[in-house]
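The values are calculated or read from the model by the stated rules, or taken from the named source; none is laboratory data. All values derive from a computational prediction rather than experimental measurement. Cβ placement follows ideal geometry from the backbone for every residue including glycine, while neighbour counts extend to all protein chains displayed. The area values use the complete protein model at the heavy-atom level, side chains included, leaving out ligands, DNA and RNA. Shrake-Rupley method; radii C 1.70, N 1.55, O 1.52, S 1.80 Å.
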Amino acid sequence: MTKEEVRGATEEEQQAQSKKALKKQQKEAEKAAKKAEKQAKLAAEQQSTEEDDFAKDRYGVLAMVQSQQKLDRTLVRVQDLTPEKADQLIWLRARVHTSRAKGKQCFLVLRQQQFNVQALVAVGDRASKQMVKFAANITKESIVDVEALVRKVEQKIESCSQQDVELHIERIFVISQAEPRLPLQLEDAVRADGEGEEEGRATVNQDTRLDNRVIDLRTTTSQAIFRLQSGVCQLFRDTLTKKGFVEIQTPKIISAASEGGANVFTVSYFKTSAYLAQSPQLYKQMCICADFDKVFCVGPVFRAEDSNTHRHLTEFVGLDIEMAFNYHYHEVIDSITDTMVQIFKGLRDNFQTEIQTVNKQFPSEPFKFLEPTLRLEFTEAVAMLREAGVEMGDEDDLSTPNEKLLGRLVKEKYDTDFYVLDKYPLAVRPFYTMPDPSNPKYSNSYDMFMRGEEILSGAQRIHDAQLLTERALHHQIDLEKIKAYIDSFRYGAPPHGGGGIGLERVCMLYLGLHNVRQTSMFPRDPKRLTP
């Protein structure tokens, strides 16, 4: 090819390229013009919308509350929304549980703890189309302030706790916005297991719940469980205070394992080691020796047991009792059983809303108890179990399956879910347990059961330093480590006894639930240390 031909080809190529570039530029210019036109149109629409939106001051996302102002505004509780409040204009703060837009109106369910109410935003003289659209787009679980008119409804709203009224919203402001994607849906989390399977709807498994506990605790069931649990603590304190008990606080970092066993957490303590208390046992007793006469405490208890069962936790709340008695340790049993009965009565009489809420998701038989409480001896329990086909020795401890079986046998025979098992074999009890004076193989110790599961372990304690030393040596406990404890009994100690109750177990069994993690707010077990 000649030089002229090469030059000609290059020129043609350049012309073709410049045509392409020109076309590209034209396209881009057209695109930009269209975009500008679209934006101008949107801006114009927005401006006209804003001009047309007569309700624009009645809704919106408020600035973060940083205590900028004090408003003289009374917020009504959802649970107080009854027909008596009909036609009143009220302010309310709640979470958006669900929302459903339908034409020119939007239905919301507003939730506050275990109570909820239906609310309506409808286009009218108080709400614009834009306000309805805004309400429909508020993300679930966002917290809102609403001003609304309370209206009676002709037909009960079955899906809400407040069935006789609904709210007609006149103002709605977002106080705190939730992210659009929730780690779990609350309606799935309160669905009974069977119900979900039948209808092909989702239910939420336990690990997902516990990994996202803050959301899970918002469910009506969780709210009810932990309000009832608070009631157990309150009733425990009130009952014992009326009986003349003194509430004490005991150390949780101790120098020796409180139960003398291996199931103890070791922690570094400056240049030495210490342990997390498995029980406030030794300190309760020291208080009795110090003339406090009757004491109780509510606090954490730590057990380093690698047990991944439905009823074991590595940290739980102990409700502990200790008291001096006059002549027989049954005085202690009577005092503890009466306290438990007062708790059961208080729950039955004052927490029906919570009990019914939990029952919707986890149905169970109402809890039954007798007055006075049934007390069986260990030998009677062994006889009942043998009669039912269980092979066990006289001095064998009860296995979990045998405890449950015994619970069923007792329920059939005596129609009670709560009973005491007295006179356990000495070999299966801690070193400080008083031996039975008439049979050295047995002891003055007892357990209490709810629905066939142990909730309390207790005994008359040895209050004689010499006998205590002998029993500690028998259990191969280092005397040096419990010297302060044994010394407590050298200067005169009244006969005394007590017991420790697991709060989470009491709540689980009273409500007929199947896992102690449901009644532990932030459970700790061998596999869970968060959240």
(request) With the checklist (1) of a type in the set (D, E, K, R); (2) out of contact with any Leu (no Cβ under 8 Å at 6 or more places or on another chain); (3) within 26 Å of HIS475 (Cα to Cα) in hand, flag the one item LYS252 doesn't pass. (result) (2)
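Yes/no matrix, rows are residues, columns are (1) part of a helix (DSSP H, G or I); (2) under 30 Å from ALA256 (Cβ atoms); (3) in the same structural domain as SER255 (by the TED database):
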position: ALA381; (1), (2), (3): yes, no, yes
position: GLY389; (1), (2), (3): no, no, yes
position: GLU395; (1), (2), (3): no, yes, yes
position: ILE477; (1), (2), (3): no, yes, yes
(request) Give just the number: which of (1) under 16 Å from GLY60 (Cβ atoms); (2) touching an Asp or Glu at 6+ places or on another chain (Cβ under 6 Å) does ALA178 not satisfy? (result) (1)
(message) Looking only at segment 301-318, count every residue that is within 15 Å of the chain's Cα centre (by Cα), closer than 12 Å to SER279 by Cβ and open to solvent by less than 30 Å² (accessible area, probe 1.4 Å) and tell me the total.
(response) 0
(message) What's the number of the only condition in (1) at pLDDT below 95; (2) closer than 19 Å to ILE254 by Cβ that PRO300 fails to meet?
(response) (1)
(request) Give segment 503-522 a look and list any residue that's closer than 24 Å to PHE344 by Cα, within 12 Å of the chain's Cα centre (by Cα) and not in a helix (DSSP H, G or I), or say none. (result) ASN515, SER520, MET521
(message) Suppose we filter segment 131-173 for residues that are within 28 Å of VAL204 (Cα to Cα) and β-branched (Val, Ile, Thr); how many remain?
(response) 5
(request) Identify, by number, the condition in (1) under 24 Å from the mean Cα position of the chain (by Cα); (2) surrounded by fewer than 20 Cβ atoms within 10 Å (Cβ to Cβ) that LYS242 doesn't meet. (result) (1)
(request) Quick one: which residue in ALA119, ALA135, ALA127 is small (Gly, Ala, Ser) and touching a Lys or Arg at 6+ places or on another chain (Cβ under 9 Å)? (result) ALA127
(request) Name the single residue, out of those in segment 319-358 being open to solvent by less than 50 Å² (accessible area, probe 1.4 Å) and in contact with a Pro (Cβ under 9 Å, 6 or more places away or on another chain), that is nearest to LEU511 (Cα to Cα). (result) ILE355
(request) Name the residue, out of ASN212, ASN205, that is open to solvent by 60 Å² or more (accessible area, probe 1.4 Å), of a type outside the set (Lys, Arg) and not assigned by the TED database to the domain that holds SER99. (result) ASN205
(request) May I ask you to say which residue of VAL76, VAL109, VAL65 is closer than 30 Å to ARG181 by Cβ, touching a strand residue (DSSP E or B) at 6+ places or on another chain (Cβ under 8 Å) and open to solvent by less than 90 Å² (accessible area, probe 1.4 Å)? (result) VAL109
(request) Tell me, please, whether a residue that is outside any helix (DSSP H, G or I), modelled with pLDDT of 80 or more, within 30 Å of MET131 (Cα to Cα) and not assigned by the TED database to the domain that holds SER128 can be found in segment 30-52. (result) no
(request) Scan the helices (runs of 4 or more DSSP H) fully inside segment 267-379 and keep the ones with 1 or more residues being in contact with a Phe, Trp or Tyr (Cβ under 7 Å, 6 or more places away or on another chain), under 30 Å from ASP464 (Cβ atoms) and not hydrophobic (A, V, I, L, M, F, W, C). (result) 330-350
(message) Just to verify a result, which residue in segment 471-487, among those that are closer than 21 Å to PHE292 by Cα and at pLDDT 90 or above, is least open to solvent (accessible area, probe 1.4 Å)?
(response) ILE486
